[in-house]
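All remarks here apply to the structure that follows.
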Amino acid sequence: SGAIAYNSTGGTLDAASGSLRVTSAQTHSRSGTLTLLGSGVQFTAGTNSFADGAVINGTLNQSGGTFSFSNATVNNTYNLSGGAVGIATGKSLGIPASAVLNWTGGSFSGGSVGIASGGGAGDSLGS
């Protein structure tokens, strides 16, 4: 069994009726808008790099691996329970007013996380 790198400009990962686990230790590069359908897309390993202007729509579940952002936006829900989030120096990860960040594990480093004013009504930071 081999592993593949999933690199994309836009695209959809569909786990609307099941689960999809991204477990490859590969480096995955993304730009544009990534749409995650359902709540079953789980990132557990590897490095996922998002270019300037990248947008993630849907429920993002990260329990391992590394996510590298450079001026990106996570719409909807970001469940961070493990792994590392790196934000490029001088850049930010945007969490709009309508989105939720559930941070129960893992770490942030580098730039900043911008949670919109009045937003994140369901945000949970730490335990």
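The values are calculated or read from the model by the stated rules, or taken from the named source; none is laboratory data. Given the structure is predicted, the values throughout are model-derived calculations rather than measurements. In this analysis, Cβ positions are derived from the backbone assuming ideal geometry, glycine residues included, and neighbour counts consider all displayed protein chains. Protein only, heavy atoms only, side chains kept; ligands, DNA and RNA dropped before computing areas. Shrake-Rupley method; radii C 1.70, N 1.55, O 1.52, S 1.80 Å.
Scanning region 60-76 for residues that are free of Cβ contacts under 8 Å to residues at least 24 places away in the same chain and among the hydrophobic types (A, V, I, L, M, F, W, C) yields one hit, ALA72.
Entry remark, region 87-112: residues being assigned to a strand (DSSP E or B) and either within 21 Å of THR59 (Cβ to Cβ) or without any contact (Cβ under 8 Å) to a residue 24 or more places away in the chain (or both) number 17 in total.
From SER70, SER63, which residue is surrounded by fewer than 19 Cβ atoms within 10 Å (Cβ to Cβ) and farther than 14 Å from HIS28 by Cα? Don't jump to the end; show me each part of the working.
Working: SER70 fails: surrounded by fewer than 19 Cβ atoms within 10 Å (Cβ to Cβ).
When all the criteria are applied, what remains is SER63.
Within region 38-50, can you find the residues that are open to solvent by 40 Å² or more (accessible area, probe 1.4 Å) and not β-branched (Val, Ile, Thr)? Across region 38-50, the qualifying residues are SER39, GLN42. Within region 1-58, the set of residues being charged (D, E, K, R) and over 23 Å from GLY106 (Cα atoms) comprises ASP14 only.
If you go through region 59-94 and keep only what is under 16 Å from LEU34 (Cβ atoms) and over 10 Å from the mean Cα position of the chain (by Cα), you end up with GLY65, SER70, ASN71, ASN76, GLY94.
Filtered by the rule that a residue be outside any loop (DSSP other than H, G, I, E, B) and at pLDDT below 85, region 21-36 gives a lone residue, VAL22. Every test in (1) in a strand (DSSP E or B); (2) more than 21 Å from SER112 (Cβ to Cβ); (3) hydroxyl-bearing (Ser, Thr, Tyr) is passed by SER39 save one, and that test is (1).
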